[in-house]
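Below: one structure, written as structure tokens.
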Number of protein chains: 2
Amino acid sequence: MGLTDAFDEPADTQEAVMAATYRALCRHGYAGLTIQRIADEFPKSKSLLYHHYESKDDLLLEFLAFMLEHFESTVPSREYDDAAAHLRGILGYVLPDTLDPERREFTRAMVELQAQAAHDEAYREHFTRSSRFFHDRIETVVECGIEEGVFREVDPDRIATLVVTAIDGARFRRSTAEVEETVPALRAELEATLESRLFADGTAGSSDASRDVEGVDGRPNGERGVDERPDASDDGGER
Amino acid sequence: MGLTDAFDEPADTQEAVMAATYRALCRHGYAGLTIQRIADEFPKSKSLLYHHYESKDDLLLEFLAFMLEHFESTVPSREYDDAAAHLRGILGYVLPDTLDPERREFTRAMVELQAQAAHDEAYREHFTRSSRFFHDRIETVVECGIEEGVFREVDPDRIATLVVTAIDGARFRRSTAEVEETVPALRAELEATLESRLFADGTAGSSDASRDVEGVDGRPNGERGVDERPDASDDGGER
DNA sequence: TTGTGCTGACTGAACGTTCAGTCACCAATG
DNA sequence: CATTGGTGACTGAACGTTCAGTCAGCACAA
């Protein structure tokens, strides 16, 4: 039911603490997160946390690092031969059409956590790094697409920034407003708009940029499904 | 130095409280915001706040409503004849290339505030409404563009969702990671990508979608400046 | 006098953090 | 083998602080 095997059967105390923190975050969100509530999520005592971590902040920072590591190792990377499909694969991974309750709660908590970076230097550093990792992944994909001649000669850095920003925006909005139903259409529009920029002018690519005009909500047509990854649901996929 | 005239010379106590809240938010952020610190920002006492507002939450909700009202009345609306320029105008308004310190702090605080909506129903309602307002504005612009024949027949609702999402993402990211330098390029790329989707195929519009490929950072060329609004800086422009 | 805007002192609860001490375990010593 | 000393994981009970919220009452206007 958890995020990883490590969470279901923690090997050591540190892993158990990470798992407990994850659960407490899901249950109570960041705003409602207390040391006591983390302790409540595992069989050891509250004081123990201070035996292993200097402070609440220290613990949370460790947790973020732990999650980032997990994320870095599970985001889709090598299983595509088509750059456009790879891009769609990543999008589908971090921006699933629907979120099961656990993952929805966790996404919300991560958004709260990231918001702390607005006034916390250490958090800010973390999310800067996390953001850069993701940016670079996408940049690489776009670069490949260009080298392979399937994309126009756009600026990969800029495209990557745009994509990362859109993803962050979607996570932020879906966590803080009632816009869940718009996510599938958003992703489709993002893909269509991107392709319109990346292919365009009949250069290459089979994408028909106007294909989803008529579908007001829901998935435009049957153009997805090709790139769905099998394990896209067992995982937090947060950044 | 404030946001509006009302802030520099509050007409009544309620306006003074709003102004004090604004200042306290800028100085301490949401995480550091206490009733005491709001009281410190104006000549009356802490208890007075409870005379006028039921609770801290009540006060903050009023503040959000106050800010939204202000925002609704200052976002660019009618001063463009070209839909594309109007779109750029809105983008430039909510996503300025640089943020003076006060506005940067305020933006951060607003992001923190919005993050609270992840686990607070009342906040969530507010930001849903706020988001919808903005979405509708953009949708209207796109609709006009289509009617005027300058845009292709895209889905205005979807385009609006995409734009709003990108803006939210940019605000979120610039507040929570060290990405300030990338904002101008991001906006340029967003504009270019949008235009590539909205015009395309040599249908209409003078936009050369590839114009800014070579400009790695900073503004791509001289294509902005036409649409800068004179008062784009005196205002929080938050949502 | 009655009411209104306002204040300073106060309260209760929540929470991060500390600390003295227990317990299981292990290695070295006699 | 039995004893001793030492170590690290772990605990329960506090401590100190911070804060939202309360309340009795003051000053002044009608």
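The values are calculated or read from the model by the stated rules, or taken from the named source; none is laboratory data. A quick note: this is a predicted structure, and the numbers were derived from the prediction, not measured. In this analysis, Cβ positions are derived from the backbone assuming ideal geometry, glycine residues included, and neighbour counts consider all displayed protein chains. Just so you know, the surface numbers come from the protein's heavy atoms only, side chains and all, with ligands and any DNA or RNA stripped out. Shrake-Rupley method; radii C 1.70, N 1.55, O 1.52, S 1.80 Å.
Figures for the structure shown
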read-out: Per-pair calculated FRET efficiency, R0 = 22 Å: B:Ser55 and A:Ile35 via Cβ, rounded to 0.05; value: 0.30
read-out: Solvent accessible area, Å² - A:Cys26, 1.4 Å probe, full protein context; value: 20
read-out: Summed buried accessible area for B+A [probe radius 1.4 Å, Å², rounded to 100]; value: 5000
read-out: Pair A:Ala11, B:Lys46: separation of 7 Å Cα→Cβ label points (nm); value: 5.0
read-out: Descending semi-axes in whole angstrom, ellipsoid equivalent of region B:1-106, from the Cα gyration tensor; value: 31, 15, 12
read-out: Directionally averaged projected area (convex hull, Cα atoms, region B:5-56), nm²; value: 3.3
read-out: Shortest-first distances to equivalent copies, position B:Gln36, nm, label 7 Å out along Cβ; value: 2.2
read-out: Set of lysines with alpha-carbon distance to B:Lys46 below 19 Å, sequence-local pairs under 8 removed; value: B:Lys56
read-out: Cβ charges +1 (Lys, Arg) and -1 (Asp, Glu), total dipole of region A:33-103, debye; value: 260
read-out: Å² of accessible area per residue within region A:53-111, as computed with a 1.4 Å probe and no ligands counted; value: 40
read-out: Environment charge of B:Arg23, counting only residues whose C-beta is closer than 12 Å and scoring Lys/Arg +1, Asp/Glu -1; value: -3
read-out: For peptides B:175-187, B:153-165, A:11-23, sequence by mean Cβ density within 10 Å, most packed first; value: B:153-165, B:175-187, A:11-23
read-out: Inter-copy separations for A:Arg78, label at 7 Å along Cα-Cβ, nm, ascending; value: 6.1
read-out: Loop-located GluC sites (Glu not before Pro) in region A:51-135, at most 11 other Cβ atoms within 10 Å (DSSP); value: A:Glu54, A:Glu79
read-out: Inverse of mean 1/r across different Cα pairs in region A:97-153, Kirkwood, Å; value: 13.7
read-out: Lys, Arg +1 and Asp, Glu -1 on Cβ, resulting dipole of region B:5-56 about Cα centre, debye, nearest 20; value: 380
read-out: Centroid-to-centroid separation of region B:7-42 and region A:71-149 [C-alpha atoms, Å]; value: 37
read-out: Listed residues B:Leu194, B:His119, B:Ser130: farthest to the positive end of the dipole of region B:75-198 (Cβ charges); value: B:His119
read-out: Complex-versus-alone comparison for region A:104-119, residues with a loss of 30 Å² or more in accessible area, probe 1.4 Å; value: A:Arg108, A:Glu112, A:Gln114, A:Ala115, A:Gln116, A:Ala118, A:His119
